[in-house]
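*Asks:* One structure, as structure tokens, below. Some questions next.
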Amino acid sequence: MPYAVTAFEPTPNPLALKCVLDRTVASPPKSFRTRPAAGVAGDPVAEALFAIEGVEGLYLCDDWITVRKAESAAWDRIRPAVRAALARVP
């Protein structure tokens, strides 16, 4: 079932962004430091988010996700891509 982002919130780390969702995404929390780790775990949310160019790490917890980006990536491109990817999660 797809997810909707209800808010994006900054974090103390400029390379990380908190994405608040409309429902629980993970309980207990899950952390993925690489795209291959998400694939091995078979997590559809993590796989969808790692398909976004510039995403380098994820932390899924309760009803929010922290997305870590590459230093060269722009939040202006990642934010809408996160919304779109989560809206397509089966």
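The values are calculated or read from the model by the stated rules, or taken from the named source; none is laboratory data. For clarity, every value in this text was computed on a predicted model and none was experimentally measured. With ideal geometry, Cβ positions are generated from the backbone for all residues, glycine too; neighbour counts draw on all protein chains shown. Note: accessible area is taken over every heavy atom of the protein model, side chains too, but ligands, DNA and RNA are not part of it. Shrake-Rupley method; radii C 1.70, N 1.55, O 1.52, S 1.80 Å.
*Asks:* May I ask you to order 25-32, 57-64 by the average number of other C-beta atoms within 10 Å around their residues, highest value first?
*Replies:* Result, highest mean first: 57-64, 25-32.
*Asks:* Output the relative contact order of the chain, whole-number percent, from Cα pairs under 8 angstrom with separation of 6+ residues.
*Replies:* After rounding, I find 35 percent.
*Asks:* Starting from the Cα of CYS61, step 7 Å along the direction of its Cβ; do the same at ALA37; then give the gap between the two resulting points in nm.
*Replies:* About 1.4 nm, to one decimal.
*Asks:* Additional query: Rounded to the nearest 500, what is the chain's calculated 222 nm mean residue ellipticity when only DSSP H runs of at least 4 contribute -39500 (n - 2.57) each, over all residues?
*Replies:* Mean residue ellipticity at 222 nm (helix-derived): -8500 deg cm²/dmol.
*Asks:* Also: Heavy-atom accessible area per residue, the range 9-90, 1.4 Å probe: how many Å²?
*Replies:* Numbers: 4610 Å² over 82 residues.
Heavy-atom SASA per residue in the range 9-90 reads 56 Å².
*Asks:* Taking the Cα centre as origin and putting +1 on Lys and Arg beta-carbons and -1 on Asp and Glu beta-carbons, what dipole magnitude results for the chain, to the nearest 20 debye?
*Replies:* With Lys and Arg at +1 and Asp and Glu at -1, about 80 debye.
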